[in-house]
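A short worksheet on the structure shown next.
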């Protein structure tokens, strides 16, 4: 709420440098200091399930970027223009957000299936599971809770910005994880640590590394 009031005041006073800094702060936090995977621990299912190959990780990353960006834009617009005027924003917005995300994921699934059958098979069940990816729902919830008191245009801009860079942070985490897991395949890892055990250890190590970004902005 405090951040939203600050942004609203900056937009009202017309200070472009301050607004630009706030846009940078939101972007930096979404990618690094408040990364949805490594700092908030959301979306771990596809993060661990599709990060065994870099090609699959990149494909999933682009899909999540698209869904997060579009979901942030559409859900914020629906919230401000439909749910709030109708008085439904207190109890119905989660259901509406899930419906919007499901429609976007269905579109992405059809596009990937038509354009790259190999990528579609590599992503497997994790592609339609973006619908239930808590990171996607989490960013839409964060958008309305942070920017709902702002003017519609400003709130829509920051929601879209945060959604895009949150997806970019998800993709960064996926690529880093997949590159390390590919290297581990050529190393003599103990039998009991192969597969998901060593993946969890890597994820914990990456989360500790990303803690270094906290407090920078």
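The values are calculated or read from the model by the stated rules, or taken from the named source; none is laboratory data. These numbers come from a predicted model, not from an experiment. Glycine gets a Cβ as well: all are built from the backbone with ideal geometry, and neighbour counts include every protein chain shown.
Just checking, which of 76, 62, 28, 21 is closer than 14 Å to residue 140 by Cβ and either in a helix (DSSP H, G or I) or at pLDDT 85 or above (or both)? Result: 76 is the single residue among 76, 62, 28, 21 that is closer than 14 Å to residue 140 by Cβ and either in a helix (DSSP H, G or I) or at pLDDT 85 or above (or both). When 153, 212, 163, 167 are checked against the criterion of being over 17 Å from the mean Cα position of the chain (by Cα), within 30 Å of residue 74 (Cβ to Cβ) and in a helix (DSSP H, G or I), a single residue qualifies: 153. Contact map, the range 98-127: residues that are at negative phi and surrounded by 15 or more Cβ atoms within 10 Å (Cβ to Cβ) paired with residues that are at pLDDT 85 or above and not in a helix (DSSP H, G or I), Cβ distance under 6 Å, separation 6+ or inter-chain. Pairs shown: 126/50. Is it the case, given these coordinates, that residue 132 is surrounded by fewer than 20 Cβ atoms within 10 Å (Cβ to Cβ) and either under 17 Å from residue 78 (Cβ atoms) or at pLDDT 90 or above (or both)? Spelling it out, it is not the case that residue 132 is surrounded by fewer than 20 Cβ atoms within 10 Å (Cβ to Cβ) and either under 17 Å from residue 78 (Cβ atoms) or at pLDDT 90 or above (or both). Of all residue pairs spaced 6 or more apart or on separate chains, those with beta-carbon atoms under 6 Å, a first member in the range 191-202 that is over 14 Å from residue 176 (Cα atoms) and a second member that is surrounded by 12 or more Cβ atoms within 10 Å (Cβ to Cβ) are 198/189.
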